[in-house]
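As structure tokens, the structure follows; a few thoughts come after it.
The values are calculated or read from the model by the stated rules, or taken from the named source; none is laboratory data. Treat the numbers as computed from the prediction; the structure is a model and nothing was measured. All Cβ positions, glycine included, derive from the backbone under ideal geometry; neighbour counts span all protein chains shown.
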Amino acid sequence: MAIDTNVIFSRPKALSENITHYCPGCTHGVIHRLVAEVLDELGVRERTVGVAPVGCSVLAYNYFAVDFIEAAHGRAPATATGFKRIRPDMIVFTYQGDGDLASIGMGEIVHAANRGEKFTTIFVNNAIYGMTGGQMAPTTLPGQRTTTCPQGRDVSLAGYPIRMVELLSGLRTPAYLVRVSVHSPLHVVAAKKAIRRAFQLQVEGRCYSLVEVLSTCPTNWGVAPTTATKWLADNMLGYYPLGTYKDPDQEVR
Amino acid sequence: MTKKLMKGNEAIGEAAIAAGAINYFAYPITPQSEVAEYMTWRLPEVGGVFVQAESEVAVGNMLLGAACTGKRVFTTSSSPGISLMMEAMSYMAGDHLPVVIVNITRGGPGLGGILPAQSDYFQAAKAGGHGDYHAIVLAPSSVQEAVDLMILAFDLADNYRTPVIVIGDGMIGQMMESVEFPAKYREPVNPETKDWPLTGAKGRKARVIKSLFLDPKLLEKNSFDLAAKYKVIKEKEVRCELYKVSDKNRLLIAAYGTMARICQTAIDELEDEGISVGLFRPITLFPFPEKEIFRETAKANIRAVLTVEMSMGQMIEDIDRCIKGKKPLDFYGRTGGIVPTPNEVKDKVRQMLAAK
């Protein structure tokens with residue numbers, strides 16, 4: 001008897017088969033997959049170039065089956081600008097962590113967004129430096145302990161964590177700026193929707209797009225992989241409200 | 001092709017277009033801001049790209065991304081701006097990316113001044129960024145030569161997949177001279193003819209342009225590959241010029257760029273006094289004309305070598321290394337925007353010859 005088989009779930013073509021180096025409980029893998037699914041669905045994999053940051057996801061190019069440039073620390077938006085201006089027909093995205101984007105790369109991200117560069121940024125915010133071993137990031141929460149603030153972040157010395165989407169929303173240039181999270185299946189679905197809209201707007205050549213994705217770092221938070229998503233929900237959602245902060249189809253304040 | 005009277009900075013911009021390089025990224029800095037002002041109206045005429053970046057740090061990293069397209073890309077800047085680009089310079093060398101960077105040098109260190117100097121020799125010729133790398137360095141001594149070397153710079157960058165620096169002191173950028181451009185301008189490079197640019201992973205494996213090699217064996221291999229490339233460059237791309245070099249010379253002057261032209265005047269005037277001096281002018285600061293300077297210095301009639309620079313003495317370290325103690329070596333230099341005059345050079349030559 002012949003059996004009808006329909007593939008209902010498979011690896012996206014935009015993801016390679018390499019085994020990831022990410023820690024158990026880290027959500028980089030989920031975010032990678034969402035980006036890859038969107039590239040497949042929009043049919044742009046073969047004309048996409050990714051720009052990798054410095055940090056845990058510096059090796060992102062090992063996991064995506066698209067052309068990739070490895071940028072210097074924080075400079076991915078400048079590197080993406082250089083490429084995209086010459087090849088506006090290609091789809092360009094930067095994948096950056098919070099140390100990369102909100103600290104050393106603050107100048108590059110603000111100016112790329114302000115020029116309205118037509119590429120997409122996936123901004124992974126896990127409130128800490130991962131690759132270097134858990135130091136304080138510009139996004140580390142007040143009172144959060146890290147290896148460079150073992151007593152907890154002192155806002156009188158380090159200032160308050162930077163809310164990047166809110167900060168970029170202050171720019172007059174039209175953009176798509178949204179914050180999502182991947183700590184539950186429901187949030188993953190919403191995150192994918194935002195990532196898809198970000199890339200769709202780029203395909204249409206309309207505006208700069210940035211999706212901030214709240215992400216986990218159990219290793220450097222000092223929590224079990226199984227409880228990392230709970231830590232995110234308990235500690236990050238209050239300070240980093242989810243939602244769309246700017247959309248080219250919405251009225252600009 | 002008729003000759004045009006042009007300011008050096010504008011001629012440099014036009015030369016890039018003649019080389020088929022129509023993608024330009026820059027940040028304003030004296031004494032070369034005229035290049036950006038020229039390109040801002042000239043590039044749209046040829047369908048090119050110009051982005052005024054937020055900083056020279058961004059310029060360098062825009063160039064990195066731009067070079068990954070496989071098209072010809074370049075920037076122009078001056079000393080403090082070039083320092084800020086050294087991050088990207090190191091990455092682009094490690095990435096084997098072709099790119100042209102023009103340094104219209106001003107006096108330093110620090111913010112220094114805005115007048116011409118040659119005090120960035122070390123940074124250019126020895127690698128200003130981190131890691132084991134070199135850039136090819138071309139040093140024009142006239143506006144015409146700046147045009148010719150700009151075109152050569154893009155060819156060398158493409159052939160060797162390496163950053164190339166064109167270094168001209170502020171004088172080269174600011175003075176006006178008559179120049180001639182090629183009758184036929186080059187077509188922009190087609191990236192599809194190369195096997196490394198990022199064009200989208202269509203019908204092939206994904207390509208990655210990177211300088212990170214966590215496996216030490218692979219990092220060493222990348223450094224071996226770079227070293228092998230520099231070896232070929234040293235064998236094939238050395239360029240220098242001799243002026244009034246003969247067996248009558250009693251002394252040899254080594255100078256490059258604008259300083260070499262001033263030394264030519266000094267040499268002409270000394271000749272009228274019956275003092276025969278030759279000029280050795282490196283055109284490539286890397287690869288340095290090592291064998292050539294040794295050969296000229298070793299000649300029996302040469303009593304001593306004088307290096308003249310618009311710096312406190314930087315190229316002299318290469319001269320010293322290359323002449324291997326064959327002849328006494330002396331130095332004359334002014335800096336901070338003060339340019340040695342022919343009379344100062346002549347006095348120094350007379351003084352050296354009198355001391356014998």
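Counting only residues that are closer than 30 Å to A:M136 by Cα and either in contact (Cβ under 8 Å) with a residue 40 or more places away in the chain or within 7 Å of chain B (Cβ to nearest Cβ) (or both), the stretch A:37-70 holds 16 of them. Is it the case that some residue within the stretch B:97-107 is β-branched (V, I, T), within 19 Å of A:I69 (Cβ to Cβ), not in a strand (DSSP E or B) and not assigned by TED's automatic domain parsing to the domain that holds B:M312? Within the stretch B:97-107, none of the residues are β-branched (V, I, T), within 19 Å of A:I69 (Cβ to Cβ), not in a strand (DSSP E or B) and not assigned by TED's automatic domain parsing to the domain that holds B:M312. Scan the stretch A:187-223 for residues that are in contact with a Gly (Cβ under 9 Å, 6 or more places away or on another chain), crowded, with 24+ Cβ neighbours inside 10 Å and closer than 24 Å to A:R85 by Cβ and the total you get is 1. Of the residues making up the stretch A:87-96, one or more are crowded, with 24+ Cβ neighbours inside 10 Å, modelled with pLDDT of 95 or more and within 23 Å of A:T219 (Cα to Cα). Scanning the stretch B:298-349 for residues that are in a strand (DSSP E or B) and either among the aromatic types (F, W, Y) or at pLDDT below 95 (or both) gives B:F331, B:Y332.
Screening B:I233, B:I253 for residues that are in contact with a Cys (Cβ under 8 Å, 6 or more places away or on another chain) and under 30 Å from B:I319 (Cα atoms) leaves exactly one candidate, B:I253. Meeting the requirement of 1 or more residues that are more than 11 Å from chain A (Cβ to nearest Cβ), the helices (runs of 4 or more DSSP H) wholly within the stretch B:1-93 are B:8-18, B:33-45, B:79-84. The condition of being more than 9 Å from chain B (Cβ to nearest Cβ), buried (at least 24 other Cβ atoms within 10 Å of the Cβ) and either under 13 Å from the mean Cα position of the chain (by Cα) or not aromatic (F, W, Y) (or both) holds for only one of A:T81, A:T27, that being A:T27. The single condition among (1) free of Cβ contacts under 8 Å to residues at least 60 places away in the same chain; (2) within 16 Å of the chain's Cα centre (by Cα); (3) within 9 Å of chain B (Cβ to nearest Cβ); (4) assigned to a helix (DSSP H, G or I) that A:H73 does not satisfy is (4). Of all the residues in the stretch B:220-265, those that are polar (S, T, N, Q), assigned to a loop (DSSP other than H, G, I, E, B) and surrounded by 17 or more Cβ atoms within 10 Å (Cβ to Cβ) number 1. Kindly establish whether A:L34 is more than 7 Å from chain B (Cβ to nearest Cβ), among the aliphatic types (A, V, I, L, M) and more than 24 Å from A:N125 (Cα to Cα). It is false that A:L34 is more than 7 Å from chain B (Cβ to nearest Cβ), among the aliphatic types (A, V, I, L, M) and more than 24 Å from A:N125 (Cα to Cα).
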